[in-house]
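Take a look at the structure set out below.
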Amino acid sequence: MAQLEKSGSIIFMLDRSQKELVIEAGRSESQYWKDLWRYRELFYFLAWRDILVRYKQTVIGIAWALIRPFLTMVVFTVVFSLLAKLPSEGNAPYPIMVFAALLPWQFFSNALSECSNSLISNANLISKVYFPRLIVPASAVIVSFVDFLVSGMILLALMAWYNFVPSWRILTLPAFTLIAFALSMGAGLWLAALNVKYRDFRYVVPFILQFGLYISPVGFSSTIVPEKWRWVYSLNPMVGVIDGFRWAIIGGQTKISWSGFTISVGLVALLLLGGIWYFRKTERTFADVI
Amino acid sequence: MSEDIAIGVENLGKKYIIGHQKPERYTTLRDAIANKLKSLGHQPLRQRLNNDAPGREDFWALKDVSFEIRQGQRVGIIGRNGAGKSTLLKILSRITEPTTGRVSIKGRVASLLEVGTGFHPELTGRENIYLNGAILGMSKVEIKRKFDEIVAFAEIDKFLDTPVKRYSSGMYVRLAFAVAAHLEPEILIVDEVLAVGDYQFQKKCLGKMEDVAKSGRTVLFVSHNMQAVSQLTERCVILAGGRTHFDGPTDKAIMTYLVAQKESFDQPAYYQAPPNKSGNHVTWARVHTSEPQGLHCWGNPIIFEFALNITEPQEGVCFSFQVVNAHQQAVTYQWLFDSEKPFGHQAGKVILRCIIPKFRIYMGTYKLITWLSGRGRIITESLSDICFFEVTMQSIVRNEFDWHPDACLYIEDANWEIYHP
Ligand SMILES: Nc1ncnc2c1ncn2[C@@H]1O[C@H](COP(=O)(O)OP(=O)(O)OP(=O)(O)O)[C@@H](O)[C@H]1O
Ligand SMILES: [Mg+2]
């Protein structure tokens, strides 16, 4: 205890000698990123709060993160494979192929809707305390990421059930996950910032997600898209992500259109950088308009 | 900026754009697009950037505010609703950006604009302590170290693992304040957070705040509670309409503020007779309080002044008045007999002054009842409910106790002696 107090006073002295903070209009703080690092604990706490709250009110708690994707997978398999008789990819069982896509899609869809709402639902925090605002949407994405990891267990279960052994490519999965992450974050930042000023974007998000589900290869394989439409199709960045997931998980003869994939990744990078730029630009007025 | 200035504020201004039609502050996309289309083309870019929709106008919540606060100084900020106090604190705590001007701050700042920011009703007290602590800028280690102290201060140990939505509002506030009270910044910025909780707890909070203030930290404190302000601060800035109205010692600032407050409402501290009055009567009456606007600091001299118009001079005239409190209770009675000091057996105007060297009546609002009588004690005129004035105890700061209204009628001068037999 005495030691703690001692170290406390050292910090105190260090803080004293620290140079003064200047607040001015339009000053882009050079220490923004340093601040972001300093507030990392708050970031953990916000994510922890959201996860805790999510599962507190529910009876079966974390099981929801399993049930939802599982049932969706069953429905998709029945509709697309048994009724529409669409082909699977390589020799993978249809459920595994569907689930390999469902995993990133649900992550994206949850992250985007949470992220775009995050500023509004934390309005009281934003108008009463200072912290780098980027923390709020980022922690919203993290929460969806936890769900993503949980529902990843279904995939393992499916693989065990079908005796499906993935190839070395599964090791590249983190890279594709990172792209999904960047995409959710990029789009999320745009929508979150726009949502503060124009509440209409509340209605835009469900629309994007509904529409996106149809134009992304979630229930079917990208191979059924004609070659000449491939590049237009790849303008949807989720195509790159999902194809990447399938390529990594299913392995074998799965093909991935690398040119399309490059377009997707480029778009994701653009979206993310633009998102950060726009967020930083509008961030200073959040407290006034929220 | 010199060495020991903790907060320097120069020409600070904050402009808000307020809409008159819509209750919400955010716009809808439709409006934004409509405005863009309307203003496209025929206007220079500069103007286009301004939000020039109908029903919107610029509003300066703060304008040209400048002051400096030395390290360890305790400063209060007072002002009416909407004066810009919270806006100032929000700028100082980096929540919002100023439109003009510059602020420089030296030291770690903790600001407390609301107790319980970020409390989540579904989470337990324990969880909320951690969450709220992190939000206020404490590290996890720090919270852990102070956890027991916080719980003890809030007196909620039994409910630590109950979701806070099951708390009574008092318990909620107690917990929230307890976390905030254990912050250890160099500069503490507090907005009106004491206006919550029951009286006991408010006192406890005030005590805690005093400890913080006395430990050499710089404190910036906003409150409508003048008692708390005078107890906690040594200097005050009065904001009015976004500008600095006064900056100086707390007792003087509070007086200035209370006087300005009274200006706008309240009955006048003088009486003027209607012009058509006949017979012996009071033409005007006035209370000379120690401060302007009928505000009187306890213990100071006070003068009651009455002008009489004697149209029927006679023997045995008597003038008297009562000071009556808000409960219609007469607190003191003063009189003057013509037989003792002649004033009524000569026609014309006469002015009577009643001087009380030390006016010891307790704080509250008071008014007068006057009696003018003639021969045979026949009352010629009686006026009631005139000359309102107010007594405050602001000049006397008691650190241990607040002044309660109606604690007594007056305070007697007394000496205490202590013996140890
Ligand atoms: N985000 C905002 N957008 C537009 N106007 C605002 C905003 N915040 C505050 N104002 C206006 O600025 C003025 C000053 O507000 P502020 O909250 O600083 O007052 P205050 O002195 O704290 O008042 P109170 O004593 O009631 O707390 C008010 O007229 C208020 O309507
Ligand atoms: Mg306020």
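The values are calculated or read from the model by the stated rules, or taken from the named source; none is laboratory data. The shown structure was predicted, so the numbers you read here are calculated from the model rather than taken from an experiment. So basically every Cβ, Gly included, is an ideal-geometry build from the backbone, and we count neighbours across all protein chains shown. Just so you know, the surface numbers come from the protein's heavy atoms only, side chains and all, with ligands and any DNA or RNA stripped out. Shrake-Rupley method; radii C 1.70, N 1.55, O 1.52, S 1.80 Å.
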query = Just B:ALA273, B:ALA32, B:ALA181 to compare: in a GNM of chain B, with alpha carbon springs under 10 Å, which one fluctuates most?
reply = B:ALA32
query = Given a Förster distance of 60 angstrom, what is the FRET efficiency for B:GLU340 paired with B:ASN81, based on the Cβ-Cβ distance and rounded to 0.05?
reply = 0.70
request  = At a probe radius of 1.4 Å, figure out the B/A buried accessible area, summed over both chains, and give it in Å² to the nearest 100.
outcome  = 4400 Å²
query = How many nm is it between the label spots at A:TYR32 and A:ARG199, if each spot is 7 Å from the Cα in line with the beta carbon?
reply = 2.7 nm
Whole-Å distance, taken between Cα centres, linking the stretch B:344-385 and the stretch A:146-170 = 97 Å
message = As an exercise, find the ratio Rg/Rh for the protein assembly as shown from alpha-carbon atoms, using the Kirkwood inverse-distance average for Rh.
response = 1.15
task = Rounded to the nearest Å, what's the spacing between the alpha carbon centres of the stretch B:285-311 and the stretch A:80-114? Just the number, please.
result = 88 Å
query = Where the centre of each part is set by its Cα atoms, how far does the stretch A:197-225 sit from the stretch A:247-290, in angstrom?
reply = 15 Å
Cα-based Rg and Dmax for the stretch B:87-150, where Dmax is the largest Cα-Cα distance (Å) = 14.6, 44
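Can you compute the charge dipole magnitude of the protein assembly as shown about its Cα centre, using +1 on each Lys and Arg Cβ and -1 on each Asp and Glu Cβ, nothing else charged? Give it in debye, rounded to the nearest 20. Could the numbers behind the result be given before it?
Values: 74 positive and 63 negative charges, 496 e Å.
That gives the protein assembly as shown a dipole magnitude of about 2380 debye.
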query = With charges set only on the Cβ (+1 for Lys and Arg, -1 for Asp and Glu), what does the dipole of the stretch A:39-289 come to about its Cα centre, in debye to the nearest 20?
reply = 300 debye
Estimated 222 nm signal from helices in chain A, with DSSP H stretches of n ≥ 4 weighted -39500 (n - 2.57), rounded to 500 = -23000 deg cm²/dmol
task = Quote the convex hull volume per residue of the stretch B:236-349, based on C-alpha atoms, as a whole number of Å³.
result = 155 Å³
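Before rounding to the nearest 500, sum -39500 (n - 2.57) across all DSSP H runs of length at least 4 in chain B and divide by the residue total; then give [θ] at 222 nm in deg cm²/dmol.
Helices in chain B give a 222 nm mean residue ellipticity of -7500 deg cm²/dmol.
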key: Among B:CYS387, B:ALA326, B:ALA407 the positive-end extreme of the charge dipole of the stretch B:312-421 (Cβ point charges)   = B:CYS387
query = In terms of the Cα gyration tensor, with a ≥ b ≥ c the square roots of its eigenvalues, is the stretch B:270-419 rounded because a/c is under 1.5, prolate because a/b exceeds b/c, or oblate?
reply = prolate
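Dipole size in debye (nearest 20) for the stretch B:270-419 around its Cα centre, Lys and Arg Cβ +1, Asp and Glu Cβ -1?
For the stretch B:270-419, the charge dipole is close to 520 debye.
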task = Counting only heavy atoms of the protein chains, get the accessible area per residue of the protein assembly as shown (1.4 Å probe) and round it to a whole Å² value.
result = 49 Å²
